[in-house]
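Novice: Structure incoming, see below.
The values are calculated or read from the model by the stated rules, or taken from the named source; none is laboratory data. This is a predicted model, so every value here is computed, not measured. As a convention, Cβ positions derive from the backbone with ideal geometry for all residues, glycine included, and neighbour counts pool all protein chains shown. Side chains included, ligands, DNA and RNA excluded: accessible areas come from the protein's heavy atoms. Shrake-Rupley method; radii C 1.70, N 1.55, O 1.52, S 1.80 Å.
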Amino acid sequence: MSPAQIWIAGARPRTLPAAVAPVLAGTGAAAYSDSVVWWKALLALGVSVALQIGVNYANDYSDGIKGTDDDRVGPLRLVGSGLVPARTVKTAALAFLGLGGILGFALAATTSWWLLLVGVVALAAAWTYTGGPSPYGYRALGEISVFVFFGLVAVLGTAYVQVEDITRVAVAASIGIGALACQILVANNLRDIPTDSVTGKRTLAVVLGDSGTRRLFGFLGFLAIAMLVWAAFSTPWALLGLICLPLLGRAAAVVASGAKGMDLIPVLRDAGLAELLYAAGLAIGLWIGA
């Protein structure tokens, strides 16, 4: 692999739909209120993508220096593989988190200064997920963080900076997107239960066990669909989000089949793409419904 390919792999591109989807859904909610501000939507997209990449590099660095990634199944890790020095990965993580902070500052300055507090909390959560002396990702709180920051905060924040209000369709979208973002992490942690148990990484999957984690994956998909039904009370066009069902169903079938290890890698791809299709379909539906 070339240096560029190594860094791209380390950025975990399969997780990037979780950064794009909230902005699509939030902008769809803004469109339903006839309040789309495109330059703010693009800024929000920049914030979301920068933070996602920053979190991925930060996790790579923190897990790498702790030895969590020394013996794992799955995509390349920069520090754990020894391909990139830990200090370099740390610098990249801070650079992307800093970029997200700068773009977020611009949004706060043009909307409401209290959003700065939300940004500070988001940055702190990004770093302490697996970093610091007591990472909360090692205490079964990762899924809650993803639901809050890549669901509620990202979708409602994107909508709010454009509409400057919290609407019912935005709340429904934020819960649905948060549930699907959690599915990606649940599938990842389900795959890593054997190695995480050995290294002391106490994820929610380790706490729930194999069967409990598989049930959680299914529940999150159900919750996301339920949110489309709720949004459909505002406009039935919201049901365009159901375009994600084939991918969502395929991922759920693989998880329910008892697949383990490398056999769960396609689930990460399908879950990420399902979230992206869900957001796109919902956004288009809300736009039409307006």
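Novice: Quick one: what pairs do we get from the range 22-38, first residue of a type in the set (Asp, Glu), second open to solvent by 40 Å² or more (accessible area, probe 1.4 Å), C-beta under 7 Å, 6+ apart or different chains?
Specialist: What qualifies is 34/290.
Novice: Being farther than 21 Å from residue 21 by Cβ, of a type outside the set (S, T, N, Q) and either in contact with a Ser or Thr (Cβ under 6 Å, 6 or more places away or on another chain) or surrounded by 19 or more Cβ atoms within 10 Å (Cβ to Cβ) (or both) is the requirement here; does residue 120 meet it? Step through it out loud before you land on a result.
Specialist: On the way: farther than 21 Å from residue 21 by Cβ: yes; of a type outside the set (S, T, N, Q): yes; either in contact with a Ser or Thr (Cβ under 6 Å, 6 or more places away or on another chain) or surrounded by 19 or more Cβ atoms within 10 Å (Cβ to Cβ) (or both): no.
Against the criterion (farther than 21 Å from residue 21 by Cβ, of a type outside the set (S, T, N, Q) and either in contact with a Ser or Thr (Cβ under 6 Å, 6 or more places away or on another chain) or surrounded by 19 or more Cβ atoms within 10 Å (Cβ to Cβ) (or both)), residue 120 does not qualify.
Novice: Something else now. Only one of (1) in contact (Cβ under 8 Å) with a residue 12 or more places away in the chain; (2) part of a helix (DSSP H, G or I); (3) of a type in the set (Ser, Thr, Tyr) is not met by residue 130, so which one is it?
Specialist: Only one criterion is unmet by residue 130, namely (2).
Novice: What do you reckon, is residue 48 modelled with pLDDT of 90 or more and buried (at least 21 other Cβ atoms within 10 Å of the Cβ)? So that I can check it myself, show each step before the final result.
Specialist: Values: modelled with pLDDT of 90 or more: yes; buried (at least 21 other Cβ atoms within 10 Å of the Cβ): yes.
Against the criterion (modelled with pLDDT of 90 or more and buried (at least 21 other Cβ atoms within 10 Å of the Cβ)), residue 48 qualifies.
Novice: Of the residues that sit in the range 89-117 and are over 21 Å from residue 11 (Cβ atoms) and among the hydroxyl-bearing types (Ser, Thr, Tyr), which one is most open to solvent (accessible area, probe 1.4 Å)?
Specialist: Here is the first cut: in the range 89-117, the ones over 21 Å from residue 11 (Cβ atoms) are 105-117.
Filter once more, so that each one left must be among the hydroxyl-bearing types (Ser, Thr, Tyr): 110-112.
Numbers: 110: 67, 111: 30, 112: 26 Å².
Looking at residues that are over 21 Å from residue 11 (Cβ atoms) and among the hydroxyl-bearing types (Ser, Thr, Tyr), I get 110.
Novice: Which residues, taken from the range 238-249, are crowded, with 20+ Cβ neighbours inside 10 Å and more than 30 Å from residue 130 (Cα to Cα)?
Specialist: 238, 240, 241, 244
Novice: Filter the range 175-221 down to the residues that are open to solvent by less than 30 Å² (accessible area, probe 1.4 Å) and outside any helix (DSSP H, G or I) and list them by number.
Specialist: Across the range 175-221, the qualifying residues are 192, 201, 203.
Novice: Of everything in the range 164-174 that's among the hydrophobic types (A, V, I, L, M, F, W, C) and surrounded by fewer than 19 Cβ atoms within 10 Å (Cβ to Cβ), which residue is modelled with the lowest pLDDT? Lay out the reasoning, then the answer.
Specialist: Taking the range 164-174 first, the residues among the hydrophobic types (A, V, I, L, M, F, W, C) are 166, 169-173.
If we keep only those that are surrounded by fewer than 19 Cβ atoms within 10 Å (Cβ to Cβ) too, we end up with 166, 171.
On the way: 166: 92, 171: 97.
Here the residue is 166.
Novice: If you don't mind, another one. Can you find a residue in the range 253-263 that is modelled with pLDDT of 95 or more, assigned to a helix (DSSP H, G or I), small (Gly, Ala, Ser) and within 19 Å of residue 147 (Cβ to Cβ)?
Specialist: no
Novice: Now for a separate question. For residue 23, indicate whether it is under 29 Å from residue 195 (Cβ atoms) and either aliphatic (A, V, I, L, M) or modelled with pLDDT under 90 (or both).
Specialist: On the way: under 29 Å from residue 195 (Cβ atoms): no; either aliphatic (A, V, I, L, M) or modelled with pLDDT under 90 (or both): yes.
Against the criterion (under 29 Å from residue 195 (Cβ atoms) and either aliphatic (A, V, I, L, M) or modelled with pLDDT under 90 (or both)), residue 23 does not qualify.
Novice: Please determine whether any residue of the range 226-235 is in a loop (DSSP other than H, G, I, E, B), open to solvent by less than 30 Å² (accessible area, probe 1.4 Å) and modelled with pLDDT under 90.
Specialist: Step one: of the range 226-235, the residues in a loop (DSSP other than H, G, I, E, B) are 233-235.
Still in the list and also open to solvent by less than 30 Å² (accessible area, probe 1.4 Å): 235.
After this cut, where a residue has to be modelled with pLDDT under 90 as well, the list is none.
Scanning the range 226-235, I find no residue that is in a loop (DSSP other than H, G, I, E, B), open to solvent by less than 30 Å² (accessible area, probe 1.4 Å) and modelled with pLDDT under 90, so the answer is no.
Novice: For the range 150-173, which residues satisfy the criterion of being without any contact (Cβ under 8 Å) to a residue 40 or more places away in the chain and assigned to a helix (DSSP H, G or I)? Break it down stepwise before answering.
Specialist: In the first step, residues of the range 150-173 are kept if they are without any contact (Cβ under 8 Å) to a residue 40 or more places away in the chain; the result is 152-153, 166, 171.
Correct list: 152, 153, 171.
Novice: A further question follows. Modelled with pLDDT of 95 or more and over 25 Å from residue 273 (Cβ atoms) - does that describe any residue in the range 212-222?
Specialist: Looking through the range 212-222, at least one residue is modelled with pLDDT of 95 or more and over 25 Å from residue 273 (Cβ atoms).
Novice: Additional query: Keeping to the range 130-145, report how many residues are open to solvent by less than 30 Å² (accessible area, probe 1.4 Å) and either under 16 Å from residue 97 (Cα atoms) or of a type outside the set (Asp, Glu) (or both). Quick ask: steps written out before the conclusion?
Specialist: Initially, the range 130-145 is screened for residues open to solvent by less than 30 Å² (accessible area, probe 1.4 Å), giving 130-131, 135, 137, 140, 142-143, 145.
Restricting the remaining residues to those that are either under 16 Å from residue 97 (Cα atoms) or of a type outside the set (Asp, Glu) (or both) gives 130-131, 135, 137, 140, 142, 145.
Of the residues in the range 130-145, 7 are open to solvent by less than 30 Å² (accessible area, probe 1.4 Å) and either under 16 Å from residue 97 (Cα atoms) or of a type outside the set (Asp, Glu) (or both).
Novice: Given the conditions (1) within 21 Å of residue 49 (Cβ to Cβ); (2) assigned to a helix (DSSP H, G or I); (3) at pLDDT below 90, which single one is not true for residue 123?
Specialist: Residue 123 satisfies every listed condition except (3).
Novice: Residue 86 fails exactly one of the following numbered conditions: (1) at pLDDT 85 or above; (2) farther than 22 Å from residue 177 by Cα; (3) in contact with a helix residue (DSSP H, G or I) (Cβ under 8 Å, 6 or more places away or on another chain); (4) crowded, with 17+ Cβ neighbours inside 10 Å. What is the number of that condition?
Specialist: It is condition (4) that residue 86 fails.
Novice: Using beta carbons and a limit of 6 Å, which pairs, at least six apart or on different chains, have the first residue in the range 191-207 and free of Cβ contacts under 8 Å to residues at least 12 places away in the same chain and the second one part of a helix (DSSP H, G or I) and among the aliphatic types (A, V, I, L, M)?
Specialist: 197/206
Novice: Taking the stated definitions as given, is residue 36 of a type in the set (Val, Ile, Thr), at pLDDT 90 or above, farther than 24 Å from residue 125 by Cβ and surrounded by fewer than 19 Cβ atoms within 10 Å (Cβ to Cβ)?
Specialist: So residue 36 passes the test.
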